[in-house]
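Scroll down for the structure; my scribbles are underneath it.
The values are calculated or read from the model by the stated rules, or taken from the named source; none is laboratory data. Since the structure is predicted, the reported quantities are computational estimates derived from the model, not experimental observations. Because the Cβ atoms are built from the backbone with ideal geometry, glycine has one as well, and the counts that use them run over all protein chains shown. Remember, those area values only see protein heavy atoms, side chains included, never the ligands or the DNA or RNA. Shrake-Rupley method; radii C 1.70, N 1.55, O 1.52, S 1.80 Å.
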Amino acid sequence: MWRRELQALFACWRLGWDQAREQRMAVLGQSVLYGVVLAIFWALWTATPIHELQGWTPTREELLWYLAITEWIVFVAGARYRQVEAEITSGAIESALLRPLPHGLATLARWSGNTAWYMAVMAVVGMAAAWLLTGHAPPHPLRAPLVVLSAALALLLILMCQLQLGYVAVWFGVSGPVFWIWQKLLFVFGGLQFPLLLYPDLLRRVAENSPFAAMLFAPGSLVLDSGAGIVGLFAGQLLWLAILGAMTLAVSRAVTARLVRTGG
Amino acid sequence: MAAITVSNLTKSFPAAERRAGGFFARLLPARHTHEVMVVRDLSFSIAAGERVAFIGPNGAGKSTTLKMLTGILEPTSGIAEVAGFVPWRQRRQLAYAIGIVFGQRSQLWHQLRVRQSFDLLGKLYGVEATTYALRLQRLVERFDIGGLLERRAAELSLGQRLRCEIAAALLHGPSLLLLDEPTIGLDVTAKAALRDHLNALSREDGTTVLLTSHDTGDIERICERAIVIDRGALLLDLPLEELRQRYLGPRAIVLETHEPQPAFAYPGVTILAAEPYRITLSVDTKTAPIEQVIAAALQRLPVRDLIVEDTPFEEVIKTIYRGEAHRRAHVAA
């Protein structure tokens, strides 16, 4: 039984991978935008006396590598919730419910395959752009496998959030407004452009204890000499994986129950 | 053995009024006004291997019933068993036993080639590789889709897509095929081809077919029994031949010929209009089966084109409804 379901999940994963390979123009556009964002911030930090900030301050090279990692995750994640929102509003989700695999699990598997391909391509783009701009290899190059692992966990967390955000359409008819609130929280509490370590004390503590830190700051901080414990970062990610996993399961079941009760 | 048994199935939806305004207004609970009964007290049984039409006018509750039978909608009350499963409680187990085609919805992935979609469905349903290869080969032959396998689903015509959809629904070897308006939007030729394919499938493989359609042609060509519902309630459950004899009125056939003054005589057929190179016949289907009249016309006249005008199904339903209302009034009296 499990073998059959695992094969089905792998087939969904493969579908996502194949779909990503077909989206050449989208990848090209995102790669260009990714490079431009890094170039803009590099120019900004070159013109800004960052070293005059109080307390611990990363160098601008470290900052750019940090941004390269967090933007990498943001670009790869995209706004996939729209697919689920469209399935719900068009009624196409009914076709998915007719299949033997739960919709949420099949969607996460497909998104994971899609994300894996984007991760590989965008990693090359980000690495090349950051290296070119800073003129240096990434700090702590031996941590590269840990960065990839942490980014993969972060993306899994984001995908689970996006699945739940897409499901919101079952109750409200739209997901967009909730997504925008979530995205701004991710931006602020995840520490997208500046590491959480630069935040005022109270805000930093709030941010570090939110799931958003596990989605961006955790993988990004691996290139900083921040003193943050690597084991602690991964433990935080795994904890949020368990919490968000349980939430995703609960929301997914609630959505199915509602659809079966009231129709698509 | 019964493929489907339905007993006192009822479904009602709360009619809720959304609050006016933007997103935040939608966060407030909707005003619940009243219950709308979509399916009421429906009972029927379908034996394995039967081909049954499930018919009724728009809003009669056909699709809602079909959704309940596939498990994606829970009834308000009543029980049903499909292929040995209670659909809304064992939806995923049931998925392996049934194939479903919604004429207006696709289960193929538009951006993928048809073969890729088929392969994926095979894996989703856990079909063993050798069985899958053999079944695919048979379905390709049966539905004549060999030339479509390497094309993307988005590039197919509606008729081609529907043939692929039905093949896709059969890849996991279901014993029961549920079809919701499978020929909607198809031209005459594509409809005829699809009906032939479905007919052959059911007769040769013994697949049970439950079909909803507005098209009397679908029903006549594919099914042997008709369940008629109206306003969610069972109106009639009859063998098709009996339904035809009781309710289908005359049908029109327009023949365009190479003959300047075409003439045609056949028992049960009257001439509605005769023009140069064209004759319109009215066929009393109670006494003259339409296929026999067409065969006779093709034999006797140099036919250039032939159009069979179906009795609009709404008319059939009205006739049935009038007949049933009259019968009930008579019984009451």
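Count, please, the residues in the range B:251-281 that happen to be without any contact (Cβ under 8 Å) to a residue 60 or more places away in the chain, under 26 Å from the mean Cα position of the chain (by Cα) and closer than 28 Å to B:R322 by Cα.
Taking the range B:251-281 as the starting set, the residues that turn out to be without any contact (Cβ under 8 Å) to a residue 60 or more places away in the chain are B:252-281.
Applying the additional criterion that residues be under 26 Å from the mean Cα position of the chain (by Cα) yields B:252-254.
Remaining after also requiring closer than 28 Å to B:R322 by Cα: B:252-253.
Within the range B:251-281, residues that are without any contact (Cβ under 8 Å) to a residue 60 or more places away in the chain, under 26 Å from the mean Cα position of the chain (by Cα) and closer than 28 Å to B:R322 by Cα number 2.
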Exercise. Mind checking whether some residue in the range A:155-166 is in contact with a Leu (Cβ under 6 Å, 6 or more places away or on another chain), modelled with pLDDT of 95 or more and either in a loop (DSSP other than H, G, I, E, B) or open to solvent by 10 Å² or more (accessible area, probe 1.4 Å) (or both)?
Worked result: yes
Exercise. Failed condition for B:T131, given (1) β-branched (V, I, T); (2) over 23 Å from B:G217 (Cα atoms); (3) within 12 Å of another protein chain (Cβ to nearest Cβ); (4) in contact (Cβ under 8 Å) with a residue 24 or more places away in the chain, with all others met?
Worked result: (3)
For this session: Taking the residues in the range B:38-57 that are more than 14 Å from the chain's Cα centre (by Cα) and of a type in the set (G, A, S) as candidates, determine which candidate is least open to solvent (accessible area, probe 1.4 Å).
Result: B:G49
Exercise. Out of A:L101, A:L108, which single residue is open to solvent by less than 30 Å² (accessible area, probe 1.4 Å), farther than 23 Å from A:V32 by Cα, of a type outside the set (S, T, N, Q) and modelled with pLDDT under 95?
Worked result: A:L101
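If you scan the range B:134-163, which residues turn out to be closer than 23 Å to A:W17 by Cβ and not charged (D, E, K, R)? Spell out how you get there, then give the answer.
From the range B:134-163, those closer than 23 Å to A:W17 by Cβ are B:136, B:149-155; that's our starting set.
Scanning the range B:134-163 gives B:L136, B:L149, B:A153, B:A154.
Residues being more than 30 Å from B:T65 (Cβ to Cβ) and surrounded by 15 or more Cβ atoms within 10 Å (Cβ to Cβ): count how many of those fall in the range B:119-135.
At the first step, the residues of the range B:119-135 found to be more than 30 Å from B:T65 (Cβ to Cβ) are B:119, B:123, B:128-134.
From the residues that got through so far, the ones that are surrounded by 15 or more Cβ atoms within 10 Å (Cβ to Cβ) too are B:119, B:123, B:132.
Of the residues in the range B:119-135, 3 are more than 30 Å from B:T65 (Cβ to Cβ) and surrounded by 15 or more Cβ atoms within 10 Å (Cβ to Cβ).
Collect the residues in the range A:174-206 that are under 14 Å from A:R82 (Cβ atoms) and outside any helix (DSSP H, G or I), keeping them in residue-number order. Spell out how you get there, then give the answer.
Pass one, the range A:174-206, residues under 14 Å from A:R82 (Cβ atoms): A:174-180, A:182-183.
Answer for the range A:174-206, where residues must be under 14 Å from A:R82 (Cβ atoms) and outside any helix (DSSP H, G or I): A:V174, A:S175.
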Exercise. Which ones in the range B:139-153 are open to solvent by 40 Å² or more (accessible area, probe 1.4 Å) and over 23 Å from the mean Cα position of the chain (by Cα)?
Worked result: B:G146, B:G147, B:E150, B:R151, B:R152
For this session: Look through B:E81, B:E74, B:E35 and report the one residue that is closer than 15 Å to A:R261 by Cα, away from every other protein chain (no Cβ under 12 Å) and open to solvent by 60 Å² or more (accessible area, probe 1.4 Å).
Result: B:E35
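For the range A:98-113, what are the residues that are of a type outside the set (V, I, T) and away from chain B (no Cβ under 12 Å)?
A:G104, A:L108, A:W111, A:S112 - these are the residues of the range A:98-113 that are of a type outside the set (V, I, T) and away from chain B (no Cβ under 12 Å).
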Exercise. Does B:Q93 satisfy the criteria of being among the polar types (S, T, N, Q) and not in a helix (DSSP H, G or I)?
Worked result: no
Exercise. A:V125 passes all but one of (1) of a type in the set (A, V, I, L, M, F, W, C); (2) under 19 Å from A:W240 (Cβ atoms); (3) buried (at least 18 other Cβ atoms within 10 Å of the Cβ); which number fails?
Worked result: (2)
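Kindly establish whether B:Q116 is open to solvent by 50 Å² or more (accessible area, probe 1.4 Å), modelled with pLDDT under 95 and at the interface with chain A (Cβ under 8 Å from one of its Cβ atoms). First the steps, then the outcome.
Working: open to solvent by 50 Å² or more (accessible area, probe 1.4 Å): yes; modelled with pLDDT under 95: yes; at the interface with chain A (Cβ under 8 Å from one of its Cβ atoms): yes.
Spelling it out, B:Q116 is indeed open to solvent by 50 Å² or more (accessible area, probe 1.4 Å), modelled with pLDDT under 95 and at the interface with chain A (Cβ under 8 Å from one of its Cβ atoms).
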